[in-house]
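Shown next, in structure tokens, is the structure this report addresses.
The values are calculated or read from the model by the stated rules, or taken from the named source; none is laboratory data. Bear in mind the structure is a predicted one, so any value in this text is a computation, not a measurement. Glycine also receives a Cβ, built like all others from the backbone with ideal geometry; neighbour counts cover every protein chain displayed.
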Amino acid sequence: MAKCTVESSQGKGCRNDALKPGGICGGHTSRLRRHGDVLADVPLRHYTKPESKRLPTFVEGDTEEERFWNRVDRTGDCWIWTGADVKGQGIATLYGVAWTATRTAWTLTYGRPEANQKVVSCSSAKLCVRPDHLSLKTMAKPQRTIADRSRRRHGLAA
């Protein structure tokens, strides 16, 4: 079967089969009907280069630490977290775990806090992640479990 005779201004020819010998393909025929022109410089879908399958990187940085600090606005006295937030509390992912942005900043600067410690910002800005504005607050002992309460209610607890 004969090939389509349409060529772009760069000399690229259409690789489709023509509907009639010496004619044009179905794609260019439909463009001719719709627009009154074959729009030779606008490629048909099938001979455009496929786009890369790689997802775009929104935050630059090779390490998780670089990506975290690239989401922080350091222009003022408080360093404001500009990434995701839930109800005004910054959320960041570090080592595959979603933590508050303040806890992540503390972990990257000073090391991981204990499980019963909460990282709070000393400043009035909730989204402040400047390490010298952060402090640790020890939380109260965890409440007794339901099983412990049940045992105590029935006189089985020590």
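In region 71-88, which residues are among the charged types (D, E, K, R) and under 19 Å from the mean Cα position of the chain (by Cα)?
Step one: filter region 71-88 for residues among the charged types (D, E, K, R), giving 71, 73-74, 77, 85, 87.
Across region 71-88, the qualifying residues are Arg71, Asp73, Asp85, Lys87.
Only one of these conditions is not met by Gly22: (1) modelled with pLDDT of 75 or more; (2) assigned to a loop (DSSP other than H, G, I, E, B); (3) more than 40 Å from the chain's Cα centre (by Cα); (4) not hydroxyl-bearing (Ser, Thr, Tyr). Which number is it?
Gly22 satisfies every listed condition except (1).
Can you tell me which residue within region 29-47, out of those that are within 38 Å of the chain's Cα centre (by Cα) and loosely packed, with under 14 Cβ neighbours inside 10 Å, is modelled with the lowest pLDDT?
Per the criteria, the residue is Tyr47.
Somewhere in region 56-74, is a residue β-branched (Val, Ile, Thr), at pLDDT 80 or above and over 28 Å from Ala140 (Cβ atoms)? Steps first, please.
Going through region 56-74, the residues β-branched (Val, Ile, Thr) turn out to be 57, 59, 63, 72.
Next cut, at pLDDT 80 or above only: 63, 72.
Within this subset, residues satisfying the condition of being over 28 Å from Ala140 (Cβ atoms) are 63, 72.
Looking through region 56-74, at least one residue is β-branched (Val, Ile, Thr), at pLDDT 80 or above and over 28 Å from Ala140 (Cβ atoms).
With respect to Ala2, is the statement that it is at pLDDT 85 or above, surrounded by 10 or more Cβ atoms within 10 Å (Cβ to Cβ) and among the aliphatic types (A, V, I, L, M) true? Please lay out each step first, then the result.
Details: at pLDDT 85 or above: no; surrounded by 10 or more Cβ atoms within 10 Å (Cβ to Cβ): yes; among the aliphatic types (A, V, I, L, M): yes.
Here the answer is no, as Ala2 does not meet what is asked.
Within 15 Å of Pro131 (Cα to Cα) and out of contact with any Cys (no Cβ under 7 Å at 6 or more places or on another chain): does that describe Tyr110? It would help to see each step written out before you state the result.
On the way: within 15 Å of Pro131 (Cα to Cα): yes; out of contact with any Cys (no Cβ under 7 Å at 6 or more places or on another chain): yes.
When the stated conditions are applied, Tyr110 passes them.
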